[in-house]
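K.L.:
Have a look at the structure that comes next, please.
The values are calculated or read from the model by the stated rules, or taken from the named source; none is laboratory data. Quantities reported herein were computed from a predicted structural model and do not represent experimental measurements. Here Cβ is always computed from backbone atoms with ideal geometry, including for glycine, and neighbour counts include all displayed protein chains.
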Amino acid sequence: MAARGVGLLTRLPLCVQRRSGVQRPGFRLLSCPGTVAEDLRREEPLSGSAETGDGAVASVHSVARSHGGRGKGEEAGAAGERVACGNGRGTLGKRVDDQLNTLLKESELTEENTRLRYLTCSLIEDIAAAYFPDCIVRPFGSSVNTFGKLGCDLDMFLDLDEIGKLSTHKSSGNFLMEFQVKNVPSERIATQKILSVIGECLDHFGPGCVSVQKILNARCPLVRFSHQPSGFQCDLTTNNRIALKSSELLYIYGALDSRVRALVFSIRCWARAHSLTSSIPGAWITNFSLTMMVIFFLQRRSPPILPTLDLLKTLAVL
């Protein structure tokens with residue numbers, strides 16, 4: 001899907017493509033015409049207060065004219081116009097844009113942190129390979145969808161579908177070695193048994209793996225543990241392939257327009273400040289849900305900032 005996603009970017013309409021084909025463009029101002037912030041401001045009624053807006057400029061000019069001709073009145077009018085313009089949409093919009101981009105740069109995952117997450121996955125993969133040769137442990141979620149912030153959990157997916165694809169048989173002398181899983185009543189029970197074995201192995205033999213918890217009765221069974229060398233809180237799941245596809249989809253949306261990630265990071269920060277989200281499990285809205293709400297909002301703008309999933313599917317088959 002990653003390769004299709006790259007090709008997809010070249011076929012999207014101009015309203016959703018990056019403005020530069022080679023270098024990564026800088027963040028365009030959210031206050032530019034046709035953007036989210038400007039559309040929002042257009043929907044708000046103009047106020048004629050004495051602080052901002054055209055009403056303030058008109059009031060200053062009327063005061064200047066009442067003092068007659070040139071001189072102090074005109075100077076006061078010019079000064080007032082400068083103040084009014086300083087509080088106007090352009091300066092305020094740029095100030096907001098700078099704050100959003102600063103928050104993004106200070107919070108996003110660094111390249112070194114991302115590489116460390118892949119390294120941690122490879123270490124867990126080596127442990128799981130003792131039971132499932134040729135298995136692959138892949139990161140997903142905030143670690144790879146470009147919406148993760150420093151300190152976020154490391155979500156890992158134990159991919160067993162690759163077993164047997166790279167090398168159908170492993171030979172040892174004159175003997176053929178085949179690995180098979182015993183029959184179980186359901187796929188969920190098989191998932192629970194696999195994670196139970198991996199959890200025991202991590203608990204007893206996993207280097208740097210501490211506080212191992214086997215949460216097998218959850219809606220999506222998982223093994224949770226802390227990896228001391230990297231400092232990551234890790235969640236290992238299997239049979240959760242839709243999570244990989246969701247991560248790829250969010251990666252594409254984040255790459256289509258550089259403003260999307262800055263907006264999502266700001267909404268998440270606001271939600272945490274108002275106790276709408278929490279790192280403690282409970283009846284909270286999740287960061288994933290918030291991200292999807294922001295994407296839906298951007299899809300419903302006129303003109304749309306982001307394409308719908310149906311449009312992406314249509315472009316993918318062209």
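K.L.:
Would you point out the residue of the range 133-146, among those that are more than 23 Å from Met293 (Cα to Cα) and either at pLDDT 90 or above or acidic (Asp, Glu) (or both), that is nearest to the chain's Cα centre (by Cα)?
P.N.:
Only one residue fits best here, namely Pro139.
K.L.:
Still on this structure, I have one more. Would you mind telling me which numbered condition in (1) surrounded by 11 or more Cβ atoms within 10 Å (Cβ to Cβ); (2) in a helix (DSSP H, G or I) Asp310 fails?
P.N.:
(1)
K.L.:
Select from the range 97-149 the residues that are closer than 21 Å to Leu249 by Cβ, part of a helix (DSSP H, G or I) and touching a Gly at 6+ places or on another chain (Cβ under 6 Å) and list them in ascending order.
P.N.:
Once the filter is applied, which keeps residues that are closer than 21 Å to Leu249 by Cβ, part of a helix (DSSP H, G or I) and touching a Gly at 6+ places or on another chain (Cβ under 6 Å), the range 97-149 yields only Ser142.
K.L.:
Continuing with the same structure: Six or more apart or on different chains, Cβ atoms under 6 Å: show the pairs whose first residue is in the range 117-137 and in contact (Cβ under 8 Å) with a residue 40 or more places away in the chain and crowded, with 18+ Cβ neighbours inside 10 Å and whose second is aliphatic (A, V, I, L, M) and part of a helix (DSSP H, G or I).
P.N.:
Within 6 Å, the pairs are Ala128/Ile198; Val137/Ile124.
K.L.:
Let me ask something else. Please give the number of the condition Lys149 fails out of (1) in contact with a helix residue (DSSP H, G or I) (Cβ under 8 Å, 6 or more places away or on another chain); (2) among the basic types (Lys, Arg); (3) at pLDDT below 90.
P.N.:
All conditions are met except number (3).
K.L.:
While we're looking at this one, here's another question. Please indicate, with yes or no, whether at least one residue in the range 232-241 is modelled with pLDDT under 95 and assigned to a strand (DSSP E or B).
P.N.:
Checked the range 232-241: at least one residue is modelled with pLDDT under 95 and assigned to a strand (DSSP E or B).
K.L.:
So is Ser247 out of contact with any Leu (no Cβ under 8 Å at 6 or more places or on another chain) and either in a strand (DSSP E or B) or touching a residue at least 40 places away in the same chain (Cβ under 8 Å) (or both) or not?
P.N.:
It is true that Ser247 is out of contact with any Leu (no Cβ under 8 Å at 6 or more places or on another chain) and either in a strand (DSSP E or B) or touching a residue at least 40 places away in the same chain (Cβ under 8 Å) (or both).
K.L.:
Looking at Val260, Val223, Val294, Val264, which is the one that is closer than 23 Å to Gly151 by Cα, over 12 Å from the mean Cα position of the chain (by Cα), buried (at least 16 other Cβ atoms within 10 Å of the Cβ) and β-branched (Val, Ile, Thr)?
P.N.:
Val223
K.L.:
Turning to a different aspect of this structure: Could you tell me which of the residues Ile305, Ile280 is assigned to a loop (DSSP other than H, G, I, E, B), over 16 Å from the mean Cα position of the chain (by Cα) and surrounded by 15 or more Cβ atoms within 10 Å (Cβ to Cβ)?
P.N.:
Criteria check complete, one pass: Ile305.
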